[in-house]
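Structure, as structure tokens:
Nothing in this text is a laboratory measurement; each read-out follows from the coordinates by a stated rule. No experiment lies behind these values; they were computed from the predicted model shown. Every residue, glycine among them, receives a Cβ derived from its backbone with ideal geometry; neighbour counts consider all protein chains shown.
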């Protein structure tokens, strides 16, 4: 299925969990937050939330700023 | 000399200088500058991770046990975006404190105070320690305090401009208007600007570009630390009044007579 992660379209396995997506993309967990279709996904539900075709995922973490 | 702490959201800080993490020549220089600044709070932005996840992160250069991370909502132009960013930061584990920015215009980066007030109300209700970046407007400062802001952070001048405190009189009025801490955020160019903010009676100063953009950021970080401390001390010491004419420091009596 196709999903969009941080503005980039990508092909992933059907029903992929947020947890598996983070592992697939080699994203560090510490100080990271995820939102799916504008709704924040709590860390506790990363394993249980299955992504669906067309989902828009945002993965953020702290960067340099003032 | 005994001094009280800066208290934000029930947390005590001895340093009154808050510094940024953006625009340093390197992460290593940033780390050294943080050290020299004596700051206990450092601001961070919240942005999309680069994909696939790369090794180097700014957090590898910040001891998060020692520094309190203060996420900002920089780049947000609506209350809704700013509120969502604050929630993301909290979910990321960055704590309850948020440097709230709702920007009104890309050229000046002046705050949209209407959106700022709205976002402050929402986030304060949700238990955030809201630190709004605002205009040097005492009326808005008061409204932000009433909306539950933990402090108010009026700009000295536009972000990154280095123009210093353009309206010290308004900052003075803000200090008389609100009872929450007043932290000058943005506009500082050099050490004397930070000292002036503190001499006016401000509770702290927040800066990024003035340090990160200096030719020697590590030296400037130390200068800023000293300036904030000097300004604070001078404020507490109580300066002399300003007079138009001279007042002699040496006694007028007891001069030898050279006339005969």
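Calculated FRET efficiency, residue A:39 to residue B:237, Cβ-Cβ distance, R0 = 41 Å: about 0.15 to the nearest 0.05. Working note: Debye formula, equal point scatterers on the alpha-carbon atoms of the protein assembly as shown, no solvent; log10 I(q)/I(0) at q = 0.07, 0.09 Å⁻¹ is -0.33, -0.51. Largest GNM mean-square fluctuation among B:88, B:226, B:175, using chain B with Cα springs under 10 Å: B:88. Its Cα gyration tensor gives chain B an equivalent ellipsoid; the semi-axes, largest first and in whole Å, are 37, 22, 16. Specify the residue with the greatest mean-square fluctuation among B:99, B:121, B:11, computed from a Gaussian network of chain B linking alpha-carbon atoms under 10 Å apart. Among B:99, B:121, B:11, the largest GNM mean-square fluctuation belongs to B:11. On full extension, the segment bounded by residue A:8 and residue A:30 gains 5.7 nm, given 0.36 nm per residue less the C-alpha separation.
The mean sequence separation of alpha-carbon pairs under 8 Å and at least six residues apart, normalised by the residue count of chain A, gives a relative contact order of 45 percent.
Going from the residue with the fewest nearby Cβ atoms within 10 Å to the one with the most, B:29, B:58 rank B:29, B:58. Look at where the Cα atoms of region B:155-186 and of region B:45-107 average out, and the two centres are 23 Å apart.
Considering every residue in A:30-36, what mean count of other chain Cβ atoms within 10 Å of its Cβ is obtained? It would help to have the intermediate numbers written out before the result.
Working: counts 5, 12, 7, 11, 4, 4, 0.
Mean partner-chain Cβ count within 10 Å for A:30-36: 6.
At 37 °C and 0.692 mPa s, what whole-number value in µm²/s does Stokes-Einstein give for the translational diffusion of chain A, with Rh from the Kirkwood sum over Cα pairs? Rounded, D is 272 µm²/s.
Multiplying the residue separation of residue B:252 and residue B:26 by 0.36 nm and subtracting their alpha-carbon distance yields 75.5 nm. The Stokes-Einstein estimate for region B:57-154, based on a Kirkwood radius over Cα pairs and taken at 25 °C with 0.890 mPa s viscosity, is a diffusion coefficient of 182 µm²/s.
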